[in-house]
Amino acid sequence: MTRRKLLMGNWKMYKTHTEAVDFARRLAERESELPHGPEYAVCPPFTALASLGAALPRRVQLGAQNVHFEPQGAFTGEVSAGMLAALGVRYVIVGHSERRHIFNESDAWVRRKVRAAVSAGLIPVVCVGEDLRQRELDHTLRVVERQTLAGLAELSPQEAASCVIAYEPVWAIGSGLTPTPADADRIIRSIRDVVAAEKGEAAAAAVRILYGGSVKPDNIASFTSRPDIDGALVGGASLDPDSFLQMAEAVAEGV
Ligand code: PGA
């Protein structure tokens, strides 16, 4: 089973739609430098999805950062999976630690959002990861297991197989700190074991599991060159087209 590496940018609450289009134009000018092999995606704020989707090079897919689990209704401020799909969105990040911690998103919500995303034909990128205190208590594996099981709970084995999971230790996000690649690899392998136990070996072999947290052009290959780490979810370093291209090259070299 060969899993295609995925480089995904999470822009968080950065860039207006015009700034997003500027990124896309600069990337499109250098499209020939984008290596074939890996898959690429960027996840801008909702307000930039439509214009970015129209301007991105064809080989860079569009992702969203959040989704609501209901198809429509009186949910002021929310956006449904069907609305995203209608814009050409392919991926949606679900359960990012900033959503879990700042907006109190629960495992139960993550479970329902993942279900809604898959039902609308989107690929959810389910984020899991321990905070510093949980790591110090040696609770990392139990935290990522609980979050993984909750995220995939309503999916069939075939549906789980097509998902993406992102292992993002909370203490590594935006901090400049990372686990060692060997440590990230060990935890990602245990997440794959959890998928195997719950959804079967075929789903575990197919599901892509990314590393995220302070990934930069100079450290990305140390993670993504490992066979069990299927790519990276990148925040800050994905905002600049030069840095995005450097990371694309680094990911492709390890393929
Ligand atoms: P960072 O963010 O790369 O800026 O650490 C990663 C993320 O939050 O997905």
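As a summary of the residue check, Asp185 satisfies the conditions (1) under 20 Å from Met8 (Cα atoms); (2) away from the ligand (no atom under 16 Å from the Cβ); (3) touching a Pro at 6+ places or on another chain (Cβ under 8 Å) except for the one numbered (3). Between Ile191, Ile229, Ile220, Ile209, the distinction of being more than 15 Å from the ligand (Cβ to nearest atom) and in contact with a strand residue (DSSP E or B) (Cβ under 8 Å, 6 or more places away or on another chain) belongs to Ile191 only. Going by the structure shown, is Gly151 open to solvent by less than 30 Å² (accessible area, probe 1.4 Å), touching a residue at least 24 places away in the same chain (Cβ under 8 Å) and either of a type outside the set (S, T, N, Q) or outside any helix (DSSP H, G or I) (or both)? It is true that Gly151 is open to solvent by less than 30 Å² (accessible area, probe 1.4 Å), touching a residue at least 24 places away in the same chain (Cβ under 8 Å) and either of a type outside the set (S, T, N, Q) or outside any helix (DSSP H, G or I) (or both). Being in contact with a Pro (Cβ under 9 Å, 6 or more places away or on another chain) and either touching a residue at least 12 places away in the same chain (Cβ under 8 Å) or open to solvent by 20 Å² or more (accessible area, probe 1.4 Å) (or both): is that true of Glu249 here? Yes, satisfied.
Is it true that some residue in segment 235-255 is outside any helix (DSSP H, G or I), more than 30 Å from Asp22 (Cβ to Cβ) and not polar (S, T, N, Q)? Within segment 235-255, not a single residue is outside any helix (DSSP H, G or I), more than 30 Å from Asp22 (Cβ to Cβ) and not polar (S, T, N, Q).
So that you can scan it fast, the table gives a plain yes or no per residue for (1) surrounded by 15 or more Cβ atoms within 10 Å (Cβ to Cβ); (2) away from the ligand (no atom under 16 Å from the Cβ):
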| residue | (1), (2) |
| --- | --- |
| Lys12 | yes, no |
| Glu31 | no, yes |
| Pro35 | yes, yes |
| Thr47 | no, yes |
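A count restricted to segment 155-192 and to residues that are part of a helix (DSSP H, G or I), surrounded by 14 or more Cβ atoms within 10 Å (Cβ to Cβ) and not basic (Lys, Arg) stands at 14. Does Val234 meet the test of being touching a strand residue (DSSP E or B) at 6+ places or on another chain (Cβ under 9 Å) and either β-branched (Val, Ile, Thr) or surrounded by fewer than 19 Cβ atoms within 10 Å (Cβ to Cβ) (or both)? Yes; evaluated as a whole, the condition is true for this residue.
Counting the residues of segment 232-255 that are away from the ligand (no atom under 14 Å from the Cβ) and among the hydroxyl-bearing types (Ser, Thr, Tyr) gives 0. Among the conditions (1) over 12 Å from Gly151 (Cβ atoms); (2) buried (at least 24 other Cβ atoms within 10 Å of the Cβ); (3) not small (Gly, Ala, Ser), the only one that Ile93 does not satisfy is (1).
The listed residues are Val94, Val79, Val110, and the only one of them that is among the β-branched types (Val, Ile, Thr) and away from the ligand (no atom under 16 Å from the Cβ) turns out to be Val79.
The values are calculated or read from the model by the stated rules, or taken from the named source; none is laboratory data. Bear in mind that the values here come from a model prediction, so they are computed numbers and not experimental data. Positions of Cβ are generated from backbone atoms using ideal geometry, with glycine treated the same way; all protein chains shown enter the neighbour counts. Side chains are part of the model used for accessible areas, which takes the heavy atoms of the whole protein and leaves out ligands, DNA and RNA. Shrake-Rupley method; radii C 1.70, N 1.55, O 1.52, S 1.80 Å.
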